[in-house]
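Below: the structure, in structure tokens.
The values are calculated or read from the model by the stated rules, or taken from the named source; none is laboratory data. What you see is a predicted model, and the numbers here were worked out from it, not measured in a lab. Glycine also receives a Cβ, built like all others from the backbone with ideal geometry; neighbour counts cover every protein chain displayed. Side chains are part of the model used for accessible areas, which takes the heavy atoms of the whole protein and leaves out ligands, DNA and RNA. Shrake-Rupley method; radii C 1.70, N 1.55, O 1.52, S 1.80 Å.
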Amino acid sequence: MKLTIIDKYILKRYLATFAVMLLLFIPIGIVIDVSEKINKMLENKIPFWDIATYYYNFTIYFANSLFPIFLFLSIIWFTSKLANNTEIIAILGSGISFTRFLRPYIIGASIVSVLVLLMGFFLVPSASEGFNNFRYTYLKGGGKQAMRGDNTDVYRQINDHEFIYVNSFDPETKMAFNFSLEKFKKEQLVSKITASRIKWNPKDSTYTLYDYTKRTLGSMEDKIEKAPEKKFRFAFDLEDLTPVVYIAETLNLTQLNAFIEKERKRGSSNINTYLVVLYKKYSVPVSAFILTVIAVSVSAMKRRGGMGTNLAIGIAIAFAFVFFDKIFGTIAEKSSFSPLLAVWLPNIFFGILAIYLLRNAKR
């Protein structure tokens, strides 16, 4: 596929305007964030290097979160300028169809989609970890305790046959209280270990169980074993009982898939939250194509209100897209609604809108 001079011209404007839009809005976002958090930063005497690292991560996190808005507005902006300068009329008047006119836009969307996909797989997870760690460590009430969410009444499946329960868990001391481990065979309880508390020993990678009791069920009578304290090696990490609330955002694609599979076997109640993060890694790049078609269809025609009207329409559609994306994602996380459907519904809805607007633009 050979690019013509017009293709190169539009593609260059597409990518350049998108880059400029990022460079314009990211500093604004940083300034607003600084103005909101400067008092807490000074109160906590946060080292300058930690703040600088935070804003590096903030830049990546912010750009990724608002990517649809930046992309949409940049296309609306430069396409409206083309329309106001009657350049689009001249291009279409030369015999080029509207579909052919879209080619450089689709190429641009492909380039942006690949970049967003790679960022979502590898760069955004580490930035998200740094961004959220800083917020919870220095800026949020509750500190590291809030990172774990609810640490009470935790019941998890650790493999096909064993289940553990703790009444509460302290991630700082790696100690859990009212611990029990139940082992099943063919849906029948085989044994149960209980302890008033269990503590992780990092030196020898063991756990110490206090007020230890083990009950082994037999066909005729049960066998009971007791001890004030006893050491064990278990194939689980106490810290995995309550992973940080944003754990899925901090994992690359391979780690996230493995983590979801492990959590699914454990019967995690947060599995929908993790699936939403996974599916969004694929849905966000696709939205680049949908938003590109909508933006071109809306702004390719010269309007009485000029660029201002196109920008107003564009901002409304872009924020509507982000709104629906957040709403459906939250619904999936908090209910039994399908995460896959929740993540893709905004793309489906706006994809239909893109087809409708494209047909009208062709006329």
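Name every residue in segment 103-119 that is open to solvent by 10 Å² or more (accessible area, probe 1.4 Å) and of a type outside the set (S, T, N, Q), in order of residue number.
Selection gives Arg103, Ile106, Ile107, Ile111, Val114, Leu115, Val116, Leu117, Leu118, Met119.
Looking at segment 220-272 only, could you name the residues that are within 17 Å of Phe177 (Cα to Cα), open to solvent by 90 Å² or more (accessible area, probe 1.4 Å) and among the hydroxyl-bearing types (Ser, Thr, Tyr)?
Listed by number, the list is empty, since nothing qualifies.
Do you know which residues across segment 196-219 are of a type in the set (Ser, Thr, Tyr), surrounded by fewer than 17 Cβ atoms within 10 Å (Cβ to Cβ), under 17 Å from Val166 (Cβ atoms) and over 40 Å from the mean Cα position of the chain (by Cα)?
The answer is Thr213, and nothing else.
Could you check how many residues of segment 338-363 are open to solvent by less than 70 Å² (accessible area, probe 1.4 Å) and without any contact (Cβ under 8 Å) to a residue 24 or more places away in the chain?
2
Does any residue in segment 221-233 that is more than 11 Å from Ala195 (Cα to Cα) come within less than 6 Å, Cβ to Cβ, of a residue that is open to solvent by less than 70 Å² (accessible area, probe 1.4 Å) six or more places away or on a different chain, and which pairs are these?
If the second residue must be open to solvent by less than 70 Å² (accessible area, probe 1.4 Å), the pairs left are Lys223/Thr216; Glu225/Lys214; Lys231/Thr206; Lys231/Thr208; Phe232/Tyr207; Arg233/Thr206.
Could you please let me know if Phe98 is among the hydrophobic types (A, V, I, L, M, F, W, C), closer than 17 Å to Val298 by Cα and surrounded by fewer than 19 Cβ atoms within 10 Å (Cβ to Cβ)?
yes
Please specify each residue of segment 173-195 satisfying the condition of being open to solvent by 40 Å² or more (accessible area, probe 1.4 Å), in a strand (DSSP E or B) and within 19 Å of Gly218 (Cβ to Cβ).
If the condition is that a residue be open to solvent by 40 Å² or more (accessible area, probe 1.4 Å), in a strand (DSSP E or B) and within 19 Å of Gly218 (Cβ to Cβ), then Lys183, Phe184, Lys185, Gln188, Leu189, Val190, Lys192, Thr194 are the ones that fit.
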